[in-house]
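Engineer: For reference, the structure I am asking about is given below.
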Amino acid sequence: MDSMDTTTTNVRIEDLTQLRIDVALIKNVLLSEGELTDWAKHELARARKIPESECISHEDVKQMIPQK
């Protein structure tokens, strides 16, 4: 089993609440859409092959989001 480093991050409650709303909406859309298309299955398989080292860090993503 791989060990993972943990980082404490401050998150605004409004951001977390909006994220929960967005996830619920996405879940509802996916449930109503049914099975994934062949294209979506292919893209998902392709995305899962990307090494984590090639992904954007949480800190970099936070810097891309405009602050209110």
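Engineer: Which whole-Hz couplings ³J(HN,Hα) result when phi for each residue of segment 23-40 is put into the Karplus expression 6.51 cos²θ - 1.76 cosθ + 1.60, θ = phi - 60°, listed in order with x for Gly and Pro?
Structural biologist: Coupling constants for segment 23-40: 5, 4, 4, 4, 4, 5, 5, 5, 5, 7, 7, x, 5, 5, 6, 4, 4, 5 Hz.
Engineer: Something else now. Starting from a Cα-only point model with no solvent, please compute log10 I(q)/I(0) by Debye for segment 4-68 at q = 0.11, 0.16 1/Å.
Structural biologist: Log-scaled intensity ratios, in q order: -0.44, -0.91.
Engineer: With +1 on each Lys and Arg Cβ and -1 on each Asp and Glu Cβ, how big is the dipole of segment 13-64 about its Cα centre, in debye rounded to the nearest 20?
Structural biologist: Once rounded to the nearest 20, the dipole reads 180 debye.
Engineer: What aspartates and glutamates sit close enough to residue 62 to cross-link, taking a C-alpha to C-alpha distance under 13 Å and skipping anything fewer than 8 places away on the same chain?
Structural biologist: Residue 62 reaches 15.
Engineer: What is the extension gain from residue 37 to residue 24, computed as 0.36 nm multiplied by their sequence separation minus the C-alpha to C-alpha distance, in nm to one decimal?
Structural biologist: Extra length from residue 37 to residue 24 when fully extended: 2.6 nm.
Engineer: In the chain, if the dipole is taken from +1 on Lys/Arg beta carbons and -1 on Asp/Glu beta carbons about the Cα centre, which of 50, 25, 64 is farthest to the positive end?
Structural biologist: 25
Engineer: Multiply the residue gap between residue 13 and residue 64 by 0.36 nm, knock off their C-alpha separation, and tell me the result in nm, one decimal place.
Structural biologist: 16.4 nm
Engineer: Follow-up. Within the set of other residues whose C-beta is less than 13 Å from the C-beta of residue 55, count the net charge using Lys and Arg as +1 and Asp and Glu as -1.
Structural biologist: Its environment carries a net charge of -2.
Engineer: Out of the GluC sites (Glu not before Pro) in segment 20-68, which ones are loop residues according to DSSP with at most 15 other C-beta atoms within 10 Å?
Structural biologist: Numbers: sites: 33, 35, 43, 52, 54, 59; in loops: 35.
Here the sparse-neighbourhood loop sites are 35.
Coordinate-derived values only; no laboratory data. Since we're looking at a predicted model, the values are computed, not measured. When we count neighbours, we look across all protein chains shown, and the Cβ atoms used for this are built from the backbone with ideal geometry, even at glycine.
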